Amino acid sequence: MPAAEPSLAPPSAAADPARRVLSEVFGYGEFRGLQQPIVEHTIAGGDSLVLMPTGGGKSLCYQIPAIVRHRADQGVAVVVSPLIALMHDQVGALEEAGVHAAFLNSTLESGDATRIEREMMGGRLVLLYAAPERIATPRMLAQLDSLHERGLLSMFAIDEAHCVSQWGHDFREDYLKLSVLAERYPGVPRIALTATADDLTRADIVERLALHDARIFVSSFDRPNIRYAVVEKDKAREQMLAFLRAEHEGDAGIVYCQTRKKVDETAAWLIEQGISALPYHAGLDAPVRQRHQDRFLREEGIVMVATIAFGMGIDKPDVRFVAHLDLPKNIEGYYQETGRAGRDGLPADAWMAYGLADVVNQRRMIDESPAGDEFKRNQRGKLAALLALAEAHDCRRVRLLSYFGEASVPCGPLQNACDNCRRPPATWNATEASRMALSCVYRIEQQSGHHFGAAHLIDVLRGKPTDKVAQHGHARLSTFGIGAATSEAQWRTVFRQLVALGHLASEGEYGTLQLTPSSRLVLRGEITLLLREASEPTPRARGGRGKRGAAAGGTGAGKAAPRPLDAAGLERFAALKAWRASVAKAHNLPAYVVFHDATLAEMAEARPGSLDELAGIGGVGAKKLDAYGEDILRVLAET
Ligand code: ADP
Ligand code: ZN
């Protein structure tokens with residue numbers, strides 16, 4: 001391998017081992033964001049805690065120091081990761097890049113485990129991935145001791161470090177045992193990484209992993225290549241299908257639903273519509289779940305329909321959209337789930353359909369949960385913040401980031417990066433209509449002591465003589481028919497927003513509505529309500545764009561996203577993908593481990609004619625150039 005180095009690294013890089021590894025092994029020209037200081041700090045032996053969003057490039061933060069330290073005869077880096085199902089692919093990706101790596105977990109045959117342990121104990125491995133429950137076993141600790149005594153324990157990386165925190169829902173008991181690493185191997189640098197940003201989790205990680213002297217690297221949590229959109233729920237499935245057809249034909253994506261039943265139904269329905277969809281939820285047998293996950297990772301263009309049971313650690317880089325058919329629990333959940341889109345830095349969509357029933361549902365789940373009052377209050381507060389995001393008229397990105405304590409500026413109309421910036425929503429002064437709605441609730445309660453859901457209240461306001469109206473004598477109310485001039489759709493948005501803003505409270509299975517303390521302020525005219533107008537019943541044509549191919553900048557820094565390819569370019573791209581599929585199959589790895597789409601697209605566009613030119617493409621390192629260069633040039637020459 002060293003023989004190939006000088007011709008591949010830019011001359012200025014020769015002096016800097018980290019940069020050299022970046023370009024020679026991984027084929028990238030520039031570090032992203034805080035990668036460089038993190039890498040340098042770790043190589044120099046410091047501890048660190050790295051907070052970086054999904055897709056920010058956390059892996060290189062420990063892989064590059066591991067390689068550099070290994071080359072300096074410092075032995076093996078141990079990576080703790082809870083994601084056993086993904087270790088195989090992570091290790092496969094490293095081996096593809098020419099880095100000697102392996103994993104130890106419960107899925108291995110004992111013969112394989114013995115062989116890997118031998119590689120580790122000889123200090124030949126660069127990276128060893130292990131599950132947390134393995135680390136604190138007497139056997140593993142004895143092995144680490146021996147490596148340490150011989151100066152062959154180069155560093156520890158603790159991935160998904162938020163698993164140590166009881167505050168998050170990913171808590172793992174075994175992570176607590178990792179404090180042993182600090183006690184037992186004080187001189188060995190440790191780097192803990194997570195995409196969970198809140199202060200409580202951060203403090204927990206520092207405390208429980210004994211990272212008091214660690215440097216904390218906090219990246220921006222902006223995901224500039226993700227476009228955010230929230231649409232008013234009408235017929236959510238059809239709305240989503242229209243969105244998929246318009247923007248994501250043939251793309252891989254994730255559709256989140258709240259219940260297992262809805263997952264199954266939605267997946268079946270999408271399949272009927274000709275979409276390659278698969279269901280995933282905790283009610284499916286483990287082998288079925290595993291098979292669906294494998295297919296999602298390995299095949300192209302699969303749409304995974306899932307509950308939130310799916311997704312942690314899914315590092316598939318080319319997920320082009322994440323769609324929510326139901327409201328997530330809170331902004332943390334929304335950010336985490338949507339964050340699975342676009343890890344490769346290319347444009348991706350976070351799309352959500354949202355309506356009154358979602359608000360009612362989420363409220364009810366909190367009310368009915370067996371948790372204590374304080375916990376419920378906390379949950380309600382978090383839901384309110386999410387509702388404010390969903391109802392916002394202004395930049396969604398600014399709202400999202402400000403929730404995590406990060407100041408930012410609106411993405412603006414030209415960036416095409418959030419629905420509200422791209423097309424500021426029409427608003428109307430709904431103060432009067434809101435007063436009508438609330439007084440209707442009030443009159444009915446006075447008359448009968450009962451509460452009703454939005455549908456009936458709307459009938460009363462619009463003066464519709466339904467059976468229910470007749471049955472309860474609601475035509476006699478002073479509010480009967482006072483809102484006839486406003487459409488039903490418009491009234492629905494009024495009620496939804498009143499509930500979202502807390503001026504009405506929903507209750508029980510039917511979501512009956514009642515007044516809240518703040519209703520009074522609205523009734524007295526002390527609050528002015530500017531509300532979003534109801535959108536047209538069918539989804540809007542989204543600006544008449546075709547598929548987005550354009551760069552979104554930011555996350556893809558250092559490597560421009562490919563421009564849309566012309567016809568010949570698309571043909572080359574398709575040929576390269578077919579070639580990649582055959583390699584991936586032969587190696588039993590997902591296609592993106594061989595090369596990312598972005599890399600193939602760049603090849604299709606640039607049409608390199610020699611190995612030297614090919615080496616200049618982002619994502620082509622020395623080992624891959626060596627292994628695949630000639631094949632790629634042939635594929636390009638033949639198309
Ligand atoms: P995370 O673990 O933070 O979600 P990854 O480590 O999986 O992110 O990186 C996300 C993607 O970005 C990967 O496909 C990786 O190859 C790519 N990437 C990381 N760093 C760079 C870089 N400096 N230049 C180009 N691509 C990068
Ligand atoms: Zn915006």
Does segment 322-329 contain any residue that is touching a helix residue (DSSP H, G or I) at 6+ places or on another chain (Cβ under 9 Å) and under 30 Å from Glu602 (Cα atoms)? yes
Of a type in the set (A, V, I, L, M), free of Cβ contacts under 8 Å to residues at least 24 places away in the same chain, part of a helix (DSSP H, G or I) and away from ligand 2 (no atom under 16 Å from the Cβ): is that true of Ala182 in this structure? no
Residues in segment 130-153: is at least one closer than 22 Å to Ile205 by Cβ and either within 16 Å of ligand 1 (Cβ to nearest atom) or over 36 Å from the mean Cα position of the chain (by Cα) (or both)?
no
The condition from (1) surrounded by 19 or more Cβ atoms within 10 Å (Cβ to Cβ); (2) of a type in the set (Val, Ile, Thr); (3) without any contact (Cβ under 8 Å) to a residue 60 or more places away in the chain; (4) assigned to a loop (DSSP other than H, G, I, E, B) that Val319 misses is numbered (3)
Among the residues of segment 594-619, the number that are of a type in the set (Asp, Glu) and over 23 Å from Gly250 (Cβ atoms) is 2
Please indicate, with yes or no, whether at least one residue in segment 295-304 is modelled with pLDDT of 95 or more, among the charged types (D, E, K, R) and outside any strand (DSSP E or B).
no
Exercise for review: Test Ala430 against the criterion of being among the small types (Gly, Ala, Ser), in contact with a Phe, Trp or Tyr (Cβ under 7 Å, 6 or more places away or on another chain) and either touching a residue at least 40 places away in the same chain (Cβ under 8 Å) or on the phi < 0 side of the Ramachandran plot (or both), and give yes or no.
Suggested key: no
Log entry, pairs with first residue in segment 215-231 being within 30 Å of Thr493 (Cβ to Cβ) and part of a strand (DSSP E or B), second being within 13 Å of ligand 2 (Cβ to nearest atom) and not small (Gly, Ala, Ser), beta carbons closer than 6 Å, six or more apart or on different chains, reads Tyr228/Arg396; Tyr228/Cys418; Ala229/Asp419
Gly569 - would you say it is out of contact with any strand residue (DSSP E or B) (no Cβ under 8 Å at 6 or more places or on another chain), over 30 Å from Gln293 (Cβ atoms), modelled with pLDDT under 95 and within 16 Å of ligand 2 (Cβ to nearest atom)? no
Consider Arg435 carefully, then state whether it is basic (Lys, Arg), within 12 Å of ligand 2 (Cβ to nearest atom) and modelled with pLDDT of 90 or more.
no
Screening Leu128, Leu144 for residues that are in contact with a Phe, Trp or Tyr (Cβ under 8 Å, 6 or more places away or on another chain) and under 21 Å from Leu86 (Cβ atoms) leaves only Leu128
Per the filter on segment 411-434, residues touching a Leu at 6+ places or on another chain (Cβ under 6 Å) and surrounded by 13 or more Cβ atoms within 10 Å (Cβ to Cβ) are Ala430, Thr431, Ser434
For this session: Test Met304 against the criterion of being in contact (Cβ under 8 Å) with a residue 12 or more places away in the chain, hydrophobic (A, V, I, L, M, F, W, C) and in contact with a His (Cβ under 6 Å, 6 or more places away or on another chain), and give yes or no.
Result: no
If we keep only residues of segment 161-180 that are closer than 14 Å to Ile135 by Cβ and crowded, with 22+ Cβ neighbours inside 10 Å, then the residue nearest to ligand 1 (Cβ to nearest atom) is Ala161
Pairing a residue in segment 358-375 that is without any contact (Cβ under 8 Å) to a residue 24 or more places away in the chain with any residue that is of a type in the set (D, E, K, R) and assigned to a helix (DSSP H, G or I), where Cβ atoms lie under 8 Å and the two sit 6 or more apart in sequence or on different chains, gives Ile366/Lys376; Ile366/Arg380; Ser369/Lys376
Exactly one of Ala229, Ala252, Ala286, Ala282 is closer than 25 Å to Met87 by Cα, under 17 Å from the mean Cα position of the chain (by Cα) and not aromatic (Phe, Trp, Tyr), and that one is Ala252
Q.
Given the criteria more than 19 Å from the chain's Cα centre (by Cα), away from ligand 1 (no atom under 16 Å from the Cβ) and crowded, with 20+ Cβ neighbours inside 10 Å, does Ser408 qualify?
A. no
Expected single match for crowded, with 23+ Cβ neighbours inside 10 Å and either of a type in the set (D, E, K, R) or within 27 Å of Ala242 (Cβ to Cβ) (or both) among Gly301, Gly342 is Gly342
Result of the Cβ filter at 8 Å on segment 111-129, keeping first residues that are in contact (Cβ under 8 Å) with a residue 12 or more places away in the chain and closer than 12 Å to Ala101 by Cα and partners that are part of a loop (DSSP other than H, G, I, E, B) and among the charged types (D, E, K, R), at least 6 apart or interchain, is Gly123/Arg150
Counted residues in segment 124-178 being assigned to a helix (DSSP H, G or I) and of a type outside the set (D, E, K, R) come to 17
Conditions (1) at positive phi; (2) not in a loop (DSSP other than H, G, I, E, B) -> Lys468 fails only (1)
**Message:** Tell me yes or no: at least one residue of segment 192-202 is buried (at least 16 other Cβ atoms within 10 Å of the Cβ), free of Cβ contacts under 8 Å to residues at least 60 places away in the same chain and either charged (D, E, K, R) or closer than 26 Å to Leu141 by Cα (or both).
**Reply:** no
So the helices (runs of 4 or more DSSP H) completely within segment 337-415 holding 3 or more residues that are within 16 Å of ligand 2 (Cβ to nearest atom) are 373-391, 396-403
Just one listed residue, out of Ile275, Ile314, is modelled with pLDDT of 95 or more, part of a loop (DSSP other than H, G, I, E, B) and not charged (D, E, K, R), and it is Ile275
Taking segment 72-93 and the residues there that are touching a helix residue (DSSP H, G or I) at 6+ places or on another chain (Cβ under 7 Å) and either farther than 26 Å from Thr137 by Cα or charged (D, E, K, R) (or both), the one that is modelled with the lowest pLDDT would be Asp89
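The values are calculated or read from the model by the stated rules, or taken from the named source; none is laboratory data. Note that the coordinates shown come from a computational prediction; the quantities given were computed from them, not determined experimentally. Backbone-built Cβ (ideal geometry, glycine too); neighbour counts: all protein chains shown.
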